[in-house]
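Engineer: Just passing along the structure, written as structure tokens.
The values are calculated or read from the model by the stated rules, or taken from the named source; none is laboratory data. In this text, all values refer to a predicted model and were calculated from it rather than measured experimentally. Here Cβ is always computed from backbone atoms with ideal geometry, including for glycine, and neighbour counts include all displayed protein chains. Protein only, heavy atoms only, side chains kept; ligands, DNA and RNA dropped before computing areas. Shrake-Rupley method; radii C 1.70, N 1.55, O 1.52, S 1.80 Å.
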Amino acid sequence: MAIPEYLDDFVHLFFPAYCAGCDNVLSTGEQLLCTSCRLELPVLSVADAEREMMERLTHEVEISFAFCWLSYQKKGMVSNILHSLKYEGNAKLAYGLGRILGCRLFDLNEQGDMHFDYLVPVPISKSKLKKRGYNQANELAQGISDVSGIPIIDALKRLDNSKQFSQTTKHRQERFENVKQQFALNTQIEFEKLHGQHIIIIDDVFTTGATLEVCASLFRNVQVKSIGICTLSLTV
């Protein structure tokens, strides 16, 4: 049963929702982001995003497709958005942005530029999952799945006994070797279903690319047809 408009306005008056981009109060009809922030989102072109992402990889494993939607700068709008969906319990924001990502991926699919059979979200540690209550990459993947029809498979797991180090000051190969200790295949799933399939690994931000590349490398012996990577944002 739909909430009458006057009741919706009453709730909005006493419990206003705030824009994840600028923290201003959202107007009636706006959701997650205000109209101004939506218009000012730093959207990357498909070609520029793929070129920049590919240049940061070590190419230890073949990546057939790389896609990112937004440009990330510290203290910018996208920084605020990421902080909200990762540290302020805003799973709804991650899901909503995932739906937009899904629309963009669906458009590329319609143009014949890509095809994928499964979405693979990058897992977070059990401690972070317990603290946040959700995995932002999984929420993004769920949003993508709901609009694209591509199913999700939890093919990866995070190793909780691994230490995490800053990756930004390390050499490419050092970053890759360090992150290798943090992920493994989820042996509870049937990997036969991935044989000959096209998969795309989903995460919230692409910085050095080490995490996504390590995750991709774990599928070497799974006999997948191709591996792509997709993130909400790219650091610049």
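Engineer: Solvent-accessible area per residue for the chain at a 1.4 Å probe radius, Å²?
Structural biologist: Spelled out: the 1.4 Å probe surface of the chain, per residue, equals 54 Å².
Engineer: Please flag any cysteine in the chain that has no other cysteine's Cβ under 4.7 angstrom from its own Cβ.
Structural biologist: CYS22, CYS37, CYS68, CYS103, CYS215, CYS230
Engineer: With 31 Å as the limit, write out which pairs from LYS130/LYS225; LYS74/LYS131; LYS74/LYS225; LYS92/LYS225 have Cα-Cα distances beyond it, or answer none.
Structural biologist: Over 31 Å apart, Cα to Cα: LYS130/LYS225; LYS74/LYS225; LYS92/LYS225.
Engineer: Of all the accessible heavy-atom surface of the chain, with the other protein chains kept in place and a 1.4 Å probe, what percent is carbon and sulfur?
Structural biologist: 49
Engineer: Per-residue ellipticity at 222 nm for the chain, helices alone: DSSP H runs ≥ 4 residues times -39500 (n - 2.57), over residue total, nearest 500 deg cm²/dmol?
Structural biologist: Rounded to the nearest 500, it is -12000 deg cm²/dmol.
Engineer: Test of understanding: extend the Cα→C-beta vector of GLU55 to 7 Å, then name every residue of region 187-216 with backbone N under 17 Å from that spot.
Structural biologist: 206-210, by backbone N distance to the label point.
Engineer: Report the residue, chosen from ASN221, ASN186, ASN138, that carries the largest GNM mean-square fluctuation when the chain is represented by alpha-carbon nodes joined by springs under 10 Å.
Structural biologist: Per the Cα network of the chain with a 10 Å cutoff, ASN221 tops the list.
Engineer: Report the antiparallel proportion of the DSSP beta bridges in the chain as a percent, rounded to a multiple of 5.
Structural biologist: Bridges in the chain are about 25 percent antiparallel.
Engineer: Anyone know which of SER226, SER125, SER27 comes out most mobile in the 10 Å Cα GNM of the chain?
Structural biologist: SER27
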